[in-house]
Amino acid sequence: MTVLVNPKALSDQKPRDFKMLIDGQWVGSAESSALIERVAPSHGVVVSRYQSGSKVDAERAIAAARRAFDTGPWPRMTAAERSAVLLKAADLIAERSEELAYLDAIEAGKPIAQVRGEIAGSVDIWRYAAALARDLHGESYNTLGDVTLGVVLREAIGVVSIITPWNFPFLIVGQKLPFALAAGCTAVVKPSEMTSGSTIVLGEILLEAGVPAGVVNIVTGTGPEVGALLTSHPEVDMISFTGSTGVGKLTMTNAAQTLKKVSLELGGKNPQIVFPDADLDAFIDAAVFGAYFNAGECCNAGSRLILHKSIASDVVARIAELAKSVKVGDPLDSTTQVGAIITPQHLDKIAGYVAGAKRAGAEVAHGGETLDLGMGQFMAPTILSHVTPAMAVAREEVFGPVLSVLTFDTTAEAIEIANSIDYGLSAGVWSRDFDTCLTIGRRVRAGTVWMNTFMDGASELPFGGYKQSGLGRELGRHAVEDYTETKTLNMHIGSRTGWWMPRG
Ligand code: NAD
């Protein structure tokens, strides 16, 4: 039996109203007085109301960002000055972390203890970006002969559209915006229409930290209305998008019309490959964490276990035993480990994958059902055994607390199963044998491979996907460079001769 933490009715049910940030002003939509209402997935009541931004609002925001880039102070400041603003922002995020954590927990249904960790991680990323800002530099070539000096400049790329999903609302904008700002770019940010609150509070924080008007603009609204304009507008130089692979492809198509630079962080279906010599106690814990963290609504979810046949039935039984003690329920209770599912429609989709897997021959080793906690929508942590590589549940992103278990005999077979799908975001390998870990680490096509751990991260370590999991990398020491253009200054020393006049 899964331990439930029943949601308590919210004492203050008055929704919080949010405006949009355009050119340093807090504004409503220019065209629509309709509001987007966010119903808390855990409590079933409206908790936030955002402006229903339109194409006109998005155009105004892009124009403000363009002006701020072309003629404003931000790209012309010293890196030390920009860095100081980013450090101040990090301090203010830390000061307002409880408010931010509450917003993400109630709007996304995420456990509050987990979100506190995400906000702390975000503070670290803002500080890291502040440090990188001061180290952004180009190259010089003093090796091109007596008459030539070459200097390679790194220039801020310009106006960046930043589009984010609902599953890590505050963390993901923090993987993009501080690096864009560090480089000297200006931005228009569009958060998910389901979880815009914490991004809008970030706008308040950035103004207070000293970011000039127009440098960061935040437009709320839907993808087809606001997002589509942000990905196609000719005055936008770059798009940094995190979301589904389908919308990522659309983003690239839109961007192609004006050849914008595109950075994409997309879906995943991440395998954990487990060998019989692994520390199974450590792995069982990591398997439960990897599958059920953020209710499995996580691009990095370890949703595919690829177990050596000799250990499979024992491992499945032990994971099922541990899964029984996972606390599902009220995200505002700090003991909760698995919160609510983002929408009723998404819960139906998850349940549909489980039903489809059962019809295809998979067996439910634990969970498998939706949970009625009196309010909101919840799903039991689920384990499906006897899954085969061809099943949809083994190949597609379920984005829920559903773990699929596959088996292998040989290392080559494990690698083949791991690489047999369209995604390549991350993977895990568990073995006490160094050679086994390195072989898997080198052969599995994924942007991150964890060895004897899962879903650890650090601001210093690049993150992103192979194949249809994305394009480009976030974090790491090159993160600021991603928001730059490269310019060559080719300088001639002395009078130039050569074509009509003989050299010398
Ligand atoms: P989504 O693609 O539906 O939406 C993401 C964002 O794109 C939202 O802000 C949405 O409004 C916007 N959007 C929707 N249609 C658009 C359009 N036509 N043009 C421009 N923008 C549009 O994704 P989601 O459901 O919010 O998030 C879940 C997905 O995000 C999953 O696939 C998950 O794997 C992925 N994700 C990836 C990472 C990563 O780092 N690789 C991290 C988190 C989430």
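Overview of results
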| read-out | value |
| --- | --- |
| Long-range neighbours under 8 Å by Cβ, at least six apart or interchain, first residue part of a loop (DSSP other than H, G, I, E, B) and of a type in the set (D, E) within segment 461-475, second modelled with pLDDT of 95 or more and buried (at least 21 other Cβ atoms within 10 Å of the Cβ) | none |
| Residues that are touching a residue at least 60 places away in the same chain (Cβ under 8 Å) and of a type in the set (A, V, I, L, M, F, W, C), drawn from segment 316-369 | V316, I319, A320, A323, V326, V328, L332, V338, A340, I341, I342 |
| Out of A427, A412, sole residue that is out of contact with any Gly (no Cβ under 8 Å at 6 or more places or on another chain) and part of a strand (DSSP E or B) | A427 |
| Top-ranked residue in segment 262-283 [being crowded, with 19+ Cβ neighbours inside 10 Å and over 25 Å from the mean Cα position of the chain (by Cα); ranked as nearest to the ligand (Cβ to nearest atom)] | V274 |
| Subset of segment 8-26 (residues that are among the aliphatic types (A, V, I, L, M) and closer than 12 Å to I200 by Cα) | M20, L21, I22 |
| Enumeration of residues in segment 30-71 that are at pLDDT 95 or above and in a loop (DSSP other than H, G, I, E, B) | A40, P41, S42, H43, G44, V45, S52, G53, S54, T71 |
| Residues that are part of a loop (DSSP other than H, G, I, E, B) and closer than 17 Å to L347 by Cβ, drawn from segment 284-304 | E297, C298, A301, S303 |
| Number of the exception - A228 against (1) surrounded by fewer than 24 Cβ atoms within 10 Å (Cβ to Cβ); (2) part of a loop (DSSP other than H, G, I, E, B); (3) within 16 Å of the ligand (Cβ to nearest atom) | (2) |
| Residues of segment 251-261 classified as part of a helix (DSSP H, G or I) and either crowded, with 18+ Cβ neighbours inside 10 Å or modelled with pLDDT under 95 (or both), total | 3 |
| Residue under evaluation T382, criteria (1) within 16 Å of the ligand (Cβ to nearest atom); (2) buried (at least 22 other Cβ atoms within 10 Å of the Cβ), criterion not met | (1) |
| Subset of segment 28-60 (residues that are surrounded by 15 or more Cβ atoms within 10 Å (Cβ to Cβ) and free of Cβ contacts under 8 Å to residues at least 12 places away in the same chain) | V39 |
| Filtered residues of segment 86-120 (kept if surrounded by fewer than 19 Cβ atoms within 10 Å (Cβ to Cβ), touching a Ser or Thr at 6+ places or on another chain (Cβ under 8 Å) and touching a residue at least 60 places away in the same chain (Cβ under 8 Å)) | A113 |
| Residue check, F241 assigned by TED's automatic domain parsing to the domain that holds S54, within 18 Å of the chain's Cα centre (by Cα), modelled with pLDDT of 95 or more and among the aromatic types (F, W, Y) | yes |
| Residue identified as more than 15 Å from the ligand (Cβ to nearest atom), in contact (Cβ under 8 Å) with a residue 12 or more places away in the chain, among the aromatic types (F, W, Y) and assigned by TED's automatic domain parsing to the domain that holds F283 among F408, F434 | F408 |
| Test set (1) in contact (Cβ under 8 Å) with a residue 12 or more places away in the chain; (2) surrounded by fewer than 20 Cβ atoms within 10 Å (Cβ to Cβ); (3) β-branched (V, I, T) - V449 fails condition number | (2) |
| Residues of segment 159-201 classified as away from the ligand (no atom under 15 Å from the Cβ) and either under 20 Å from G223 (Cα atoms) or among the hydrophobic types (A, V, I, L, M, F, W, C) (or both), total | 7 |
| Residue under evaluation E208, criteria (1) within 8 Å of the ligand (Cβ to nearest atom); (2) in a helix (DSSP H, G or I), criterion not met | (1) |
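Condition check ((1) within 16 Å of the ligand (Cβ to nearest atom); (2) over 17 Å from L384 (Cα atoms)) across all residues:
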{"position": "G290", "(1), (2)": "yes, no"}
{"position": "C298", "(1), (2)": "yes, yes"}
{"position": "A317", "(1), (2)": "no, no"}
{"position": "A320", "(1), (2)": "no, no"}
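The values are calculated or read from the model by the stated rules, or taken from the named source; none is laboratory data. All values reported here derive from a predicted model rather than from experimental measurement. In this analysis, Cβ positions are derived from the backbone assuming ideal geometry, glycine residues included, and neighbour counts consider all displayed protein chains.
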